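Here the structure comes first, spelled out in structure tokens, and everything after it is commentary.
Computed from the coordinates by the stated procedures, all read-outs in this text should not be read as laboratory data. Computed from a prediction, not measured in an experiment: that's the story for all the values here.
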Amino acid sequence: MKRFLSLLLVGFLAFFGFVACTEETTTTAAATTAAATTAEALTYEIALVTDVGNIDDKSFNEGTWNGVVQYATENDITYAYYRPTEDSDAARIESIDAAIAAGAKIVVCPGYLFETAIYAVQGDNPDVSFLLLDGEPHTADYSTYETLDNTHNVLYQEEQAGFLAGYAAVIDGFRDLGFMGGMAVPAVVRYGYGFVQGAEYAANELGLTAGDVTIEYDYADSFGPSPALETKIDLWYSGGVEVVFACGGGLYLSVVAAAENTTDGKVIGVDVDQIAESDRIITSAMKGLQISVYEALTAFYDNDMEWPTALAGATSILGAANDGIGLPTATTSWGFDNFTMTQYDAIFAKLVDGTVVVSAAIDAAPTVTLVTVTYAS
């Protein structure tokens, strides 16, 4: 996935052939096979249940959905997505139950918000399999973690993706940076702390001195856009911030809007390649969502619709060493002026071979000496 090229085009196919319910209903479903359009075959074998965002969020949901779409269309399997009516475990479980009632053999759940829902449903549905991204099933009070054999989890080394983004920004010539995370949940914090570590590494490599690189660092307490967030980022840009890492679902819309209020404010996207959303986006710190979902579904179906022993009840951790993270490297997605592909390949290789180790700790901010970080209280 270091190049992130071969699987991206499928995203353009994701919305053909929709069969949709009204917004008032519990689920919204989409299927593309001819059989699924007939009265006797309105079942969907692969299901995705969205988190609080939409299926077309240009971020986590959409990246995951593209993996479902690619595998299902290539293998002539019916598929659908289901959107919970609200942000609650009860609504998520209701959507999962609806997917199972509609014939789902495997349910894909993108995001940590599904941890307690999967914990609740996996034991009650032993004949259904679950793929959980960015989390591991546990009780609401976190006292018990349990992943049954019909569930497989995928975690990503977001700290490495954030590192690459911070490193690239400083090598490219940016000195005043910003990080706006959605919520201070582990995955977002790892992105942010990796971003700080990458900026520090680049500053040291360039021989900069203390304070030459600054980072404004905060969380929006929401993954959605808002006028208040746009106003905050406006103040960052007017105060000298040159580029902001917009780390969390649809909040990038507010960051991009603020950037477009300036002469030359820039943005770093997250999770998927977001450069097509605005000419202000110069790169994205990506997880291999589409590829990892595609590969997990391949393993599931190749093993007669059960998780292989190595994946059943287990968690895969994907990073640079197994092509799980990276920056987009297509020519049309390369928005840097000075940071080169050769430099990217070199730093990526150091992550792969362990020459550079990025801390995944989230209990304390990373120690930096050359970068001045202002953490909002």
Exercise. What is the Cα centroid distance between region 353-377 and region 217-259, reported in whole angstrom?
Worked result: 21 Å
Exercise. Setting aside same-chain residues fewer than 8 positions from Lys266, which lysines have a Cα under 17 Å from its Cα?
Worked result: Lys232
For this session: Could you list which residues have their amide H under 5 Å from that of Gly324, counting only those 5 or more apart in sequence or on another chain, with H placed in the peptide plane?
Result: Gly319
Exercise. Measuring from centroid to centroid over Cα atoms, what is the spacing of region 135-150 and region 185-203 in Å?
Worked result: 27 Å
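Among rounded, prolate and oblate, which fits region 151-233 when a ≥ b ≥ c are the square roots of the eigenvalues of its C-alpha gyration tensor, a/c under 1.5 means rounded, and a/b larger than b/c means prolate?
Values: a/c = 2.85, a/b = 1.28, b/c = 2.23.
Oblate.
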For this session: Please sort through the DSSP H helices of the chain and keep those with an alpha-carbon extent of at least 15 Å along the long axis and a Kyte-Doolittle average not below 0.0.
Result: 89-101, 158-172, 186-206, 289-302, 341-353
Problem set entry | Amide H contacts of Phe130 (H built 1.01 Å from N, under 5 Å, at least 5 apart or other chain) | Val107, Thr151, His152
